[in-house]
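The structure appears right after this line, and notes come after that.
The values are calculated or read from the model by the stated rules, or taken from the named source; none is laboratory data. This one's a predicted model, so the numbers in the text were calculated from it and none came from an experiment. Cβ: placed from backbone, ideal geometry, glycine included. Neighbour counts: every protein chain shown. Heavy atoms of the whole protein, side chains included, go into the accessibility calculation; ligands, DNA and RNA do not. Shrake-Rupley method; radii C 1.70, N 1.55, O 1.52, S 1.80 Å.
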Amino acid sequence: MLQKLNQPESRLKQLLAEKTDNEPLARSIFLAALSRQPKPGELQAVQAALDGTKLDDGSREEAIKDLFWAVLNTKEFAFNH
């Protein structure tokens, strides 16, 4: 799964290229993985986790990758998709 996320044409790379703000990026990840918008508490947690990352820093890409990975490893994803 991580190998797929790291590929240049992956959905993650597309999202990082398209979305510069954290909230639309988080919403897109939830829609892509879970087919729903994040709940307010989930969005707050994502915002808090991503607020310390910089747009041009590799740490932001790693944080977004971790978010995508976390969403893909939820029970909701495993049992509904």
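Restricting the trypsin sites (Lys or Arg not before Pro) of the stretch 9-52 to loop positions (DSSP other than H, G, I, E, B) with no more than 14 neighbouring Cβ atoms within 10 Å leaves Arg36. Report, to the nearest whole %, how much of the accessible area of the chain belongs to carbon and sulfur atoms, 1.4 Å probe, protein only. Answer for the chain is 52 percent, counting heavy atoms of protein chains only.
Take the Cα of Gln14, step 7 Å toward its Cβ, do the same at Ala48, and the gap between the two points is 3.2 nm. Here Rg and Dmax of the Cα atoms in Å was calculated from the structure, and among (1) 13.8, 39; (2) 22.0, 62; (3) 11.9, 35 it sits at label (3). From helices alone, the chain scores -21000 deg cm²/dmol at 222 nm; the rule is -39500 (n - 2.57) for each run of n ≥ 4 DSSP H residues, then divide by the residue total. Once the 1.4 Å probe is applied to the protein heavy atoms, the chain comes out at 63 Å² accessible per residue. At a threshold of 8 angstrom on Cα-Cα distance, excluding pairs fewer than six apart, so keeping six or more, what relative contact order does the chain reach in percent? Rounded, it is 27 percent for the chain.
With the simple model of a label 7 Å out from the Cα in the direction of the Cβ, Glu23 to Glu62 spans 2.8 nm.
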